[in-house]
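Here the structure is laid out as structure tokens; the discussion comes afterwards.
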Amino acid sequence: MNTQARTLGSFRSFIPLALAAVLLTPCCAPDRPPTAAPGEPLPGLTEEELTRFRQGAVLFDRVFTPEEGLGPLFNENQCSACHTDPASGGSGGVRVDKATRFVPPDSCDLLSGSGGENVRRQATPLVRAHGIEREPFPSEATERGRFTPPFLFGLGLVEAIPERTILERADPDDSDGDGISGRAGRTRDGRLGRFGRKAEIATLPEFNDTALRLEMGLTTPLTPMESGFSGGPLPSGTDPVPEPEVDSTTTARLVDFVRFLALPERADRGAAHRDSVQRGERLFQSLGCADCHTPAMTTGPSDVEALNRKTVYLYSDLLLHDMGPGLADVCGIGATPSEVRTEMLMGLRYRDVYLHDGRASADLPAAIRRHAGEAQAAADAFAALSLRAQLDLLVFLRSL
């Protein structure tokens, strides 16, 4: 036998072996980043990164006082008061009130000077002494909205997703004619927004800074000016702490805590459960849910190995979508009242309120049925499923 024949024979004998190897490799083996229990750090952090995470966790649970700069107007006195369930970094029953003025088709006034960005419901004793118990809704508002605190688990991975990965999914003019026209959210200065219900925040430092300033009334080196009261100054003597009220080390450690929070691990309750989850996941794809709730994206290069080129199963495209008039509330920097950023479904099994405003409390099927606008076809397809198929889809969602 000549050399060519021997080579061809060897190649032919290799084919079934290679095919067998492919068939025996689990086709659905999850290529997931390392996960952990809620509130735990990302596996793979260095000792120095773990130290920063733990220092941030202490600050995240710390109760701030008016003598340290809390307020004078605020919602809660610690980060974990809102982000507490099922662990620090989760969500909670607290709602955030917002008010805006929208002039169609696309003019949005956040009413920042009147307190509309966050209508705070508590005041420090020095402010209450002036008869002020809370911040009123701006009289010029045309919309009001209530928002649940978002889960913070896995947000460092989300921050590490390259912009191009998000933007390549945008279809603002619905050029493919599928009825889905995701748009990129933008910050005030035009950068890509990926955080916030209206996709108006670009980075975790800005995300945290916004929370410190608006939720707790704490000024920072990034935002050293105290917010006023309903468009005017605070009563004299009600803000005695010098600005900024928290230093750069405190803000950096809080960012480290959020950035290094692990993505929650998926539920696995045995073979029968896995079969139902797989059927539900196929339905999730076929109904069109995954057209907006994109199952996975990959992070880019990072100096933090735990964030470097990881697959993030976030179940969101991080884009704005029109959800119809039934879910409309406030507008955003680049969002109309009916547009919201696709909710990330990772960690869904740990939640008991659904939709951005929590109106579907403990009722996941109701949350699906309330989808309208660009999601109307998927909601209708869910309603048309058999009860068994609906249960499979819900089992899949509750496994996330």
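The values are calculated or read from the model by the stated rules, or taken from the named source; none is laboratory data. Values in this document were obtained by computation on a predicted structure and should not be read as measured data. Cβ sites come from the backbone with ideal geometry, for glycine too, and all protein chains shown count toward neighbours. Quick note on the areas: whole protein, heavy atoms, side chains included, nothing else; ligands and nucleic acids left out. Shrake-Rupley method; radii C 1.70, N 1.55, O 1.52, S 1.80 Å.
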- request: Output the qualifying pairs, or none if there are none: Cβ atoms under 8 angstrom, residues six or more apart or on different chains, first residue in region 173-192 and farther than 17 Å from A378 by Cα and modelled with pLDDT under 95, second residue of a type in the set (S, T, Y) and not in a strand (DSSP E or B).
  value: D173/S181
query: Among S107, S112, which is the only one that is over 21 Å from M225 (Cα atoms) and open to solvent by less than 70 Å² (accessible area, probe 1.4 Å)?
result: S107
message: Please go through region 299-338 and give me each residue that is among the hydroxyl-bearing types (S, T, Y) and either part of a strand (DSSP E or B) or at positive phi (or both), ordered by number.
response: T311, Y315
message: I want to confirm something. Restricting to region 118-146 and keeping residues that are under 23 Å from the mean Cα position of the chain (by Cα) and surrounded by 20 or more Cβ atoms within 10 Å (Cβ to Cβ), which single residue is nearest to R197 (Cα to Cα)?
response: G145
- prompt: Inside region 105-128, can you point out the residues that are on the phi < 0 side of the Ramachandran plot, assigned to a loop (DSSP other than H, G, I, E, B) and in contact (Cβ under 8 Å) with a residue 24 or more places away in the chain?
  reply: P105, D106, L110, G116, E117, N118, R120, R121, T124
query: For S248, which of the numbered conditions (1) closer than 23 Å to I333 by Cβ; (2) modelled with pLDDT of 95 or more; (3) over 19 Å from the mean Cα position of the chain (by Cα); (4) open to solvent by 50 Å² or more (accessible area, probe 1.4 Å) fails to hold?
result: (1)
First in region 210-224 and of a type in the set (K, R), second anywhere and in a loop (DSSP other than H, G, I, E, B) and surrounded by fewer than 19 Cβ atoms within 10 Å (Cβ to Cβ), Cβ under 7 Å, 6 or more apart: R213/T223
task: Return the only residue of T203, T249 being without any contact (Cβ under 8 Å) to a residue 40 or more places away in the chain and either touching a His at 6+ places or on another chain (Cβ under 7 Å) or closer than 30 Å to L73 by Cβ (or both).
output: T249
- line: The residue from G182, G154, G177, G190 that alone is farther than 16 Å from L345 by Cα, open to solvent by less than 10 Å² (accessible area, probe 1.4 Å) and of a type outside the set (D, E) is G182
- request: Determine whether A335 is open to solvent by 40 Å² or more (accessible area, probe 1.4 Å) and closer than 16 Å to G182 by Cα.
  value: no
task: For region 295-318, indicate whether the set of residues that are open to solvent by less than 40 Å² (accessible area, probe 1.4 Å), of a type in the set (F, W, Y) and within 30 Å of R101 (Cα to Cα) is non-empty.
output: no
When residues of region 346-361 are limited to those that are over 20 Å from D380 (Cβ atoms) and in a loop (DSSP other than H, G, I, E, B), the one most open to solvent (accessible area, probe 1.4 Å): D352
- request: Please state which one of A328, A383 is over 21 Å from P295 (Cα atoms), modelled with pLDDT of 95 or more, over 17 Å from the mean Cα position of the chain (by Cα) and surrounded by 16 or more Cβ atoms within 10 Å (Cβ to Cβ).
  value: A328
message: Please go through region 251-290 and give me each residue that is open to solvent by less than 20 Å² (accessible area, probe 1.4 Å) and assigned to a loop (DSSP other than H, G, I, E, B), ordered by number.
response: F260, A262, A267, G288
- request: Kindly indicate the residue of region 88-104 that is over 13 Å from P136 (Cα atoms) and hydrophobic (A, V, I, L, M, F, W, C) and also most open to solvent (accessible area, probe 1.4 Å) among those meeting that condition.
  value: V103
message: Tally up the residues in region 201-224 that are closer than 17 Å to G116 by Cβ and not in a helix (DSSP H, G or I), please.
response: 3
- line: Checking E67, E49 in turn, the sole residue that is more than 20 Å from the chain's Cα centre (by Cα), of a type in the set (D, E), at pLDDT 95 or above and surrounded by 14 or more Cβ atoms within 10 Å (Cβ to Cβ) turns out to be E49
